[in-house]
Amino acid sequence: MTPPRPNPSASANAPGGVSAPSPPSPPRSGIARSRLAEQNRTAIVTGILCIVLIIALMQLWLLTATMNAFLGGDHAVVWPALGASIVCLLLNLGLLRYLYLLERP
């Protein structure tokens, strides 16, 4: 039995003639690929839900602070707070649209 011959291109690229291990190849089967895609989708949805929760808490704090200032006689904060609340609403609607686009095949 003859020993396998070394690959000259691999030994030329690596120092000392030792080749580096190749990176792992991506899964080839459809089942493993769909499981990986499902895990990625779950991570994306979890991240979006966390962002939506933070934005919703910000809106609640904004409503509380605005009502406190308004009832205290400071009427100048109402319109900027309304603008900030609309921006938060638009961010949440954009994230919801992204979720719907993510679920499309």
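Quick check, is residue 42 within 18 Å of residue 102 (Cβ to Cβ), out of contact with any Pro (no Cβ under 8 Å at 6 or more places or on another chain), in a helix (DSSP H, G or I) and hydroxyl-bearing (Ser, Thr, Tyr)? Reasoning before the result, please.
Numbers: within 18 Å of residue 102 (Cβ to Cβ): yes; out of contact with any Pro (no Cβ under 8 Å at 6 or more places or on another chain): yes; in a helix (DSSP H, G or I): yes; hydroxyl-bearing (Ser, Thr, Tyr): yes.
Yes; evaluated as a whole, the condition is true for this residue.
Can you confirm whether residue 36 is modelled with pLDDT of 65 or more, under 16 Å from residue 91 (Cβ atoms) and either among the aliphatic types (A, V, I, L, M) or surrounded by 10 or more Cβ atoms within 10 Å (Cβ to Cβ) (or both)? No.
The values are calculated or read from the model by the stated rules, or taken from the named source; none is laboratory data. Note that the structure is a prediction, hence the values are computed from the model and not measured. Because the Cβ atoms are built from the backbone with ideal geometry, glycine has one as well, and the counts that use them run over all protein chains shown.
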